[in-house]
Amino acid sequence: MRSVSAVIIIGLLGSTATGQAPARPPVVDVHVHSTNTSPQQALERMKFLNIRFLVVSSLTSDLPQWASALDVAQFLPGLVFPCADGRAPITGRPCFDSRTELPDLTWLTGELKAGRIKAFSELSPQYLGMSPADSRMEPYWQLAEQFDLPVGIHMGPGPPGIAYEASPVPFKSPAFRMG
């Protein structure tokens, strides 16, 4: 009879009774931008890396393309906000149909009820000098609670890209981050 510690070590080394490596565990990727990859590229990556669920930080114009390309059981379309003058922090593309910092609550509630938005991700209020505790964010926290939404908050200081500017080479390289 093996000791408990021997069983744990064998388990950590990846051995099985047949001597084969165990299957990769499933992964949830919570940080994919709709502007950095196509739905087809994301699907290929999901298969290769055994990613079961994907949270895609999207602009409203990207949501239909992603929703039609991915199995809704694996895809959580998220909405990026707040946006300075209604434009995304890095790309400058419109976040929503209005030129406001925050999405219209009536429109957003309709999208949530229809299931076209299933997460608030990626929220980056610091780019506008706002705290997540800012009173302007309160109606969105209420919607997140009401619809039981996951929320992804961008960490780090603003302005966009500042965390990478202070990084040593090769970490500041966009090619390194995209790899």
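The values are calculated or read from the model by the stated rules, or taken from the named source; none is laboratory data. Because the structure is predicted, anything quoted here is derived from the model rather than measured. Note: ideal-geometry Cβ built from the backbone for every residue, glycine included; neighbour counts use all protein chains shown.
Restricting attention to the stretch 72-104, and to residues there that are in contact with a strand residue (DSSP E or B) (Cβ under 7 Å, 6 or more places away or on another chain) and among the small types (Gly, Ala, Ser), which single residue is surrounded by the fewest Cβ atoms within 10 Å (Cβ to Cβ)?
So the residue we want is 86.
Tell me, yes or no, whether the stretch 33-44 has at least one residue that is within 22 Å of residue 121 (Cα to Cα), loosely packed, with under 13 Cβ neighbours inside 10 Å and modelled with pLDDT under 85.
The answer is yes; a qualifying residue exists.
When only residues in the stretch 77-104 that are within 17 Å of residue 150 (Cα to Cα) and in a strand (DSSP E or B) count, which is modelled with the lowest pLDDT?
Ranking the candidates gives 77 first.
From the list 6, 17, 21, which one is modelled with pLDDT under 80, farther than 26 Å from residue 154 by Cβ and not in a loop (DSSP other than H, G, I, E, B)?
6
Condition first: without any contact (Cβ under 8 Å) to a residue 12 or more places away in the chain and of a type in the set (Asp, Glu). Now tell me which residues in the stretch 49-100 satisfy that.
Once the filter is applied, which keeps residues that are without any contact (Cβ under 8 Å) to a residue 12 or more places away in the chain and of a type in the set (Asp, Glu), the stretch 49-100 yields only 71.
Here's the yes/no breakdown for (1) β-branched (Val, Ile, Thr); (2) surrounded by 12 or more Cβ atoms within 10 Å (Cβ to Cβ); (3) in contact with an Asp or Glu (Cβ under 6 Å, 6 or more places away or on another chain); (4) modelled with pLDDT under 95:
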position	(1), (2), (3), (4)
106	yes, no, no, no
111	no, yes, no, yes
117	yes, yes, yes, yes
122	no, yes, no, yes
129	no, no, no, yes
134	no, yes, no, yes
143	no, yes, no, no
150	no, yes, no, yes
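Do the conditions hold for residue 102, that is, is it out of contact with any Lys or Arg (no Cβ under 9 Å at 6 or more places or on another chain) and closer than 16 Å to residue 120 by Cβ?
Here the answer is no, as residue 102 does not meet what is asked.
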